[in-house]
């Protein structure tokens, strides 16, 4: 669904309609958990990562110099997107949608898209997912590597418990993708992008290998209590 449709699906003109939209946002998107907690961290002096911002928080970020908001969630038919789009329009912030998932190996197109995104954004910028942990994490790795030239091994710090990212679960596929590069591509002298563009970057196989390893760790470390 295009972003314009989200506004059409929610009445943000009348007080009653805006109230119902906020109520939907409050409960369906668990927005009450983010009233006082933004999980905000500056990746560099031009980019900050956060969880889903409230409209009043967007106003605060604009006051701090932010020019662009990057939504990593999609959600074009959701109340959070309608409120965010409305707030950006009112505040004069540019809103960019770049959908990425937290439980899949990113496609080649998505990796190249991330590189192009960070080359074209108007900074300072804020990017967010729902919690600011996983999707914001992998995009922070891409940002540091592609725009700032930080090696993947160092950029991987953006996927850590410090940002509430937990690698011992389905979202660990993000970590595993980079770990495969460090084990396979880097020793051969390949850049990350060269590895992604090579036959070795088989998204389905990488995910299958990750799931196999994940269940193996669960069996040996969890059920069998082996050391």
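So here's what we get for this one:
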read-out	value
Residue match in the stretch 39-53 (condition: in a strand (DSSP E or B) and more than 29 Å from residue 172 (Cβ to Cβ))	no
Members of the stretch 87-123 that are closer than 28 Å to residue 10 by Cβ and in a loop (DSSP other than H, G, I, E, B)	92, 93, 98, 99, 100, 101, 102, 103, 121, 122
Matching entry among 164, 159 (being within 18 Å of residue 39 (Cα to Cα), surrounded by fewer than 17 Cβ atoms within 10 Å (Cβ to Cβ) and under 15 Å from the mean Cα position of the chain (by Cα))	164
Number of positions in the stretch 2-21 that are surrounded by 11 or more Cβ atoms within 10 Å (Cβ to Cβ), under 23 Å from the mean Cα position of the chain (by Cα) and either over 23 Å from residue 51 (Cβ atoms) or at pLDDT 95 or above (or both)	1
Residue ID - farthest from residue 69 (Cα to Cα), chosen from residues in the stretch 36-57 that are at pLDDT 95 or above and out of contact with any strand residue (DSSP E or B) (no Cβ under 9 Å at 6 or more places or on another chain)	37
Tally, over the stretch 100-122, of residues that are in contact with a strand residue (DSSP E or B) (Cβ under 8 Å, 6 or more places away or on another chain) and exposed (fewer than 15 other Cβ atoms within 10 Å of the Cβ)	1
Unique residue being at pLDDT 95 or above and either assigned to a loop (DSSP other than H, G, I, E, B) or within 17 Å of the chain's Cα centre (by Cα) (or both) when the list is 84, 60	84
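The values are calculated or read from the model by the stated rules, or taken from the named source; none is laboratory data. For clarity, every value in this text was computed on a predicted model and none was experimentally measured. A quick note on method: Cβ atoms are made from the backbone with ideal geometry, for glycine too, and the neighbour counts reach across all protein chains shown.
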